[in-house]
Amino acid sequence: MDLSSLWLLAQEGAGTVVPGLRLIATALAIGLAAIGPGVGIGIVVSGALQAIGRNPEAQSTIVTYMFIGIAFTEALAIFGLVIAFLIGFGIL
């Protein structure tokens, strides 16, 4: 197989995506998007529990900020889920 036949083969297949590869890309997108927020939420909660242990009087303020941090961190996973849906349904 020479270079010109490879070029023709690449041109014929341009723009088509194998459905199995689309599913693998979807799984990778949501899988990798869930790792960061999972670690981030663990760090946020760990820091909040340590802060409450050191200063119990500030528990209400710390818990409020902890939930705000969790919500912002979870938003990243939701963005990853949206991207995974876009890949899965062939929009991207």
Apply the Karplus curve 6.51 cos²θ - 1.76 cosθ + 1.60, θ = phi - 60°, to the phi angles in region 75-87 and return the couplings in whole Hz, x for Gly and Pro.
4, 5, 5, 5, 4, x, 5, 5, 4, 4, 5, 5, 5
Let me have the relative contact order for region 37-92, percent, based on Cα pairs under 8 Å that are six or more residues apart.
41
From the P(r) of region 37-92, can you give the percent of Cα pairs sitting at distances over 14 Å?
61
Return the long-range amide H neighbours of L92 (sequence gap of 5 or more, or a different chain), with a cut-off of under 5 Å between placed amide H atoms.
I87
Can you tell me the length gained on complete extension of the stretch E57 to A34, counting 0.36 nm per residue apart and subtracting the Cα distance?
4.9 nm
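Read the figures in this text as sums done on the coordinates, not as results from a lab. Since this is a predicted model, take the numbers as computed values, not measurements.
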